[in-house]
Amino acid sequence: MSIKDQVAIVTGSANGIGSAIARRYGREGCKVVVADIDSNGANAIANEINSDGGVAIAVATDVSDEAQVNSLFESAVSEFGTVDILVNNAGLISPMKHFLEADKNWWDMIVGVNLTGTFLCSLAAGKLMAKKGGGCIINMSSGGATRAHRCFVAYDATKGGIEAMSRAMALDLGPYGVRVNIMTPGSIDTTGISEEGRKLRGTNIPLGRIGEADDLAGAAVFLASQDAQYITGQSIVIDGGMLAQQRSATVDIRPPSEFPKLEELS
Ligand SMILES: NC(=O)c1ccc[n+]([C@@H]2O[C@H](COP(=O)([O-])OP(=O)(O)OC[C@H]3O[C@@H](n4cnc5c(N)ncnc54)[C@H](O)[C@@H]3O)[C@@H](O)[C@H]2O)c1
């Protein structure tokens, strides 16, 4: 599962899931471009990768701005010669609003970063990768693409759009050797929620715990590697089983607390 010596841009990698993927790519021997609107955070992650023996640069980028996206790709090419992997991870999760409180500015802001940002970065990457005959794009979705969150109408719409866009891009870019796939995280603790909150959320996840940013890193390596060379237009759901369940554990007819005890099994 080697991605050694590949060049990867990870957007939104100053924090959370993106930073976990960037660090892991660095440990796998990838040359990493840490792209984020948070320039201090991006510098800190790039420095960390470099001091851990990896190779990284930070490029301050607002992914919703076409000129900044083009300049991000110019920086990556000028520093590392090419781009092999793009992870479209940058995303705005908040602010949340009830549908009846929504307004166009809020809608435009979330669509601009999540959906237009993914489109702009993919377009720049797609052109570059198509010309050299190969590459891999990974787009970050959410369980919200198929099962709605309350008060996240814009966010969920962007994630549904990202999934549809990824499949359409996979068809258009396949003949050029460029693969496009989706990662769908479940409930991942990137904000440092309380121990009580973690426990409560974990109760309703089949694997019994909330996800960590590092839980996403292995799938990001796999999808970018040659082991995934025949996979495109697909989604890997990394959610501890959340999307697989009909009812949450606490209200199910037979909750996990009533499952057979190991000592009772024959
Ligand atoms: N945490 C979860 O439970 C969860 C669940 C499903 C999907 N996701 C998705 O995973 C991705 C990362 O989520 P996270 O929890 O790590 O979020 P996070 O808020 O911790 O990190 C998001 C990063 O994106 C950056 N960013 C925001 N706007 C940007 C812009 N315009 N240009 C460039 N960078 C920008 C932020 O500075 C930040 O570093 C998002 O796409 C999110 O929708 C997260």
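A few notes on this one:
- Cα-based helix-to-principal-axis angle, 117-132 vs the chain, degrees rounded to 10: 50
- Each of VAL10, VAL251, VAL55 was scored by other Cβ atoms within 10 Å of its Cβ. Arranged with the fewest first, they read VAL251, VAL55, VAL10.
- The sum of -39500 (n - 2.57) across all DSSP H runs of n ≥ 4, divided by the residue count of the chain, sets its helix-only mean residue ellipticity at 222 nm to -12000 deg cm²/dmol.
- Each of SER64, ILE49, LEU207 was scored by the projection of its Cα onto the charge dipole of the chain, and the greatest displacement toward the positive side belongs to LEU207; charges sit on the C-beta of Lys, Arg, Asp and Glu.
- Helix 39-51 vs. the chain, principal-axis angle (Cα, 0 to 90°, nearest 10): 90
- Each Cα pair of the stretch 131-247 feeds into the Kirkwood radius, which the Stokes-Einstein equation turns, at 20 °C and 1.002 mPa s, into a diffusion coefficient of 140 µm²/s.
- Residues in the stretch 238-245 carry Karplus couplings, in order, of 10, 9, x, x, 4, 6, 7, 9 Hz; the curve used is 6.51 cos²θ - 1.76 cosθ + 1.60 with θ = phi - 60°, and Gly or Pro positions show x.
- Projected label points at LEU207 and LEU123, each 7 Å from Cα along the beta carbon direction, are separated by 3.6 nanometres.
- Relative contact order (percent, whole number), the chain, Cα cutoff 8 Å, 6+ residue spacing: 18
- The angle separating the long axis of helix 153-173 from the principal Cα axis of greatest extent in the chain is about 50 degrees.
- Between ASP214 and PHE99, full extension at 0.36 nm per residue minus the direct alpha carbon distance yields a gain of 38.2 nm.
- A simple packing score, the average count of other Cβ atoms within 10 Å per residue, orders the peptides 214-223, 136-145 as 136-145, 214-223, with the highest score first.
- Taking other residues whose beta carbon is less than 14 angstrom from the beta carbon of LYS4, and scoring Lys, Arg as +1 and Asp, Glu as -1, yields -1.
- HN-Hα J in Hz across the stretch 74-87 - Karplus 6.51, -1.76, 1.60, θ = phi - 60°, x for Gly and Pro: 4, 4, 4, 5, 5, 7, 10, x, 6, 9, 9, 9, 10, 10
- Amide H contacts of ILE182 (H built 1.01 Å from N, under 5 Å, at least 5 apart or other chain): ASN139, GLN234, SER235, ILE236
- Taking the inverse of the mean 1/r over every pair of distinct Cα atoms in the stretch 7-264 gives a Kirkwood hydrodynamic radius of 19.0 Å.
- Between GLU74 and GLN246, the modelled labels are 5.7 nm apart [label points 7 Å from Cα along Cα→Cβ].
- Rg/Rh ratio calculated on Cα atoms of the stretch 26-102 (Kirkwood radius): 1.08
- Applying the Karplus relation 6.51 cos²θ - 1.76 cosθ + 1.60 with θ = phi - 60° to the stretch 226-232 yields 3J(HN,Hα) values of 5, 4, 10, 5, 10, 10, 8 Hz, where x marks Gly and Pro.
Just so you know, all these numbers are worked out from the coordinates, no wet-lab data involved. Nothing here was measured: the structure is a model prediction, and the numbers come from that model. Methodologically, a virtual Cβ is constructed for each residue, glycine included, from the backbone with ideal geometry; neighbour enumeration extends over all protein chains shown.
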